Amino acid sequence: MISLPGWLRRSKTEPIALPAPPPYPRPNAGPRQVDLRQAVNAISDVVQNRPRPLREFDQIHMKSGDMVLQSEIVADWADGRRLAFIGDGDAISVSVAYLCKRGVLPFGPSQITVFDFDERTVNAVKRFADAERIENLDARLYNVLDAFLAEGEFDCFYTNPPWGASNKGESVNAFVERGIEACGYGGDGMIVIADDDAIDWPKQVLAYVQRFAADKGYYVSKMQRKLHEYHLDDAPDLRSCNLYVSALPGNTAQAQPSRSLLGTERLENFYGRSKEPRVHYVLERKRLNYGKAHDDEYELKPLGGDQ
Ligand SMILES: C[S@@+](CC[C@H](N)C(=O)[O-])C[C@H]1O[C@@H](n2cnc3c(N)ncnc32)[C@H](O)[C@@H]1O
């Protein structure tokens, strides 16, 4: 069982101070007291705004309770720093920014930018930021197969990529590589990938990803195991971990120019067995209000119309 932070175990009327903060700069941060009710309601707003997942691209959404916990973890870890999300169908980016904006979390990143190839996600982030006047939240349409164009603009990256069950973690590594480039081969990354003791492939992927990160000059600085659950019908018990990587001192000196991955062997089984990437972008057909039922989902039968 996951041990919950104190603020999730207490009621709103008895907030408590959490342990001392990590050694990042935390200007003007007050005591860490969080109102659970406000936090859950804020996440509910975010979930309403989230486009429905497309399974063929491994979009599988994290459950709401885990989003609350994860947002607090991410806001704390990225406090005062510029954070790049390499893909974010879960909308952890929006959750973090919104919890900060509403004052539920008294700490958080200075800037959040989402890079995703799904225009529905990009537009949902932008619309939410606009509606809630969240000035430090932005999103850009971007496919990880293309060379990255914002190299070195960030201090840390977050990714919850396709989990690479059928390609020895190569799809994870593609997203991690873009995160590393976003940080100019410096800073820190949080990689959210499968973690399950009962099956083999998550262990193999964890090993391959750690090796890939080490080759790029990063070491594993922390791991939080089996934290998150997903809306995943065929594997409801499969969880993911937070794998933290940090750049070795002086690593920015080995920064390489970003390159396209198109035409390389790294794309085999990218979204699962025999599912190579064939799509540059997922485009939004029409603006949808995700919180409301679509009119093609139901039909109205008038009163007295049964005879
Ligand atoms: C692959 S899903 C992984 C599951 C995760 N729980 C989620 O649904 O966000 C993560 C994100 O990566 C995005 N994505 C998938 N393929 C991509 C690509 N080639 N380039 C950029 N983003 C991509 C998806 O749109 C999604 O938002």
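Running a GNM on the chain with Cα contacts under 10 Å, which residue among GLY263, GLY152, GLY65 ends up with the highest mean-square fluctuation?
Of GLY263, GLY152, GLY65, the Gaussian network model singles out GLY263 as fluctuating most.
I need two numbers for region 150-307: Rg to one decimal and Dmax as a whole number, Cα atoms only, in Å.
20.3, 79
With only Lys, Arg, Asp and Glu charged, each at its Cβ (+1 for the first two, -1 for the last two), find how big the charge dipole of region 194-307 is about the Cα centre; round to the nearest 20 debye.
700 debye
From the C-alpha coordinates alone, can you work out the Kirkwood hydrodynamic radius of region 118-243, in Å?
Kirkwood radius, region 118-243: 15.8 Å.
Less than 20 Å apart at the alpha-carbon level, and either on another chain or at least 8 residues along: which lysines does that give for LYS301?
Answer for LYS301, where 20 Å is the Cα cut-off: LYS292, listed by chain and number.
Could you check which residue among ASP215, ASP130, ASP234 shows the biggest mean-square fluctuation in a GNM of the chain with a 10 Å Cα cutoff?
ASP234
Any idea what diffusion coefficient region 34-267 gets from Stokes-Einstein, in µm²/s, Kirkwood Rh on alpha carbon pairs, 20 °C, 1.002 mPa s?
Estimated via Stokes-Einstein, D reaches 122 µm²/s.
Relative contact order for region 34-267: what is it in percent, counting Cα pairs under 8 Å that are at least 6 residues apart?
Across region 34-267, relative contact order equals 18 percent.
Filter the cross-link list LYS63/LYS216; LYS126/LYS226; LYS216/LYS275; LYS168/LYS226; LYS168/LYS203; LYS168/LYS216 down to pairs whose alpha-carbon distance in this structure exceeds 22 Å.
From LYS63/LYS216; LYS126/LYS226; LYS216/LYS275; LYS168/LYS226; LYS168/LYS203; LYS168/LYS216, over 22 Å: LYS63/LYS216; LYS126/LYS226; LYS216/LYS275.
Collect residues whose amide H, placed 1.01 Å from N in the peptide plane, falls under 5 Å from the amide H of VAL282; neighbours closer than 5 in sequence don't count.
Amide H neighbours of VAL282: ASP118, GLU119.
At 7 Å along Cα-to-Cβ for each site, give me the label-to-label distance between ASP45 and ASP138 in nm.
Between ASP45 and ASP138, the label points sit 2.2 nm apart.
Using the C-alpha atoms of region 176-234, what convex hull volume per residue, in cubic angstrom, is computed?
Convex hull of Cα atoms, per residue: 102 Å³.
In the Gaussian network model of the chain, springs joining C-alpha atoms below 10 Å, which of PRO236, PRO202, PRO277 carries the largest mean-square fluctuation?
Top of the fluctuation ranking is PRO236.
Using θ = phi - 60° and the Karplus relation 6.51 cos²θ - 1.76 cosθ + 1.60, list the HN-Hα couplings for region 81-90 in order, rounded to whole Hz, with x at every Gly or Pro.
10, 8, 10, 9, 9, 9, x, 6, x, 5
So in the chain, what percent of DSSP beta bridges are antiparallel if you round to the nearest 5?
Antiparallel bridges: around 45 percent, rounded to the nearest 5.
Quick note: the coordinates plus some simple rules give every number you see, no bench work behind them. Computed from a prediction, not measured in an experiment: that's the story for all the values here. Every residue, glycine as well, gets a Cβ built from its backbone with ideal geometry; the counts of neighbours run over all protein chains shown.
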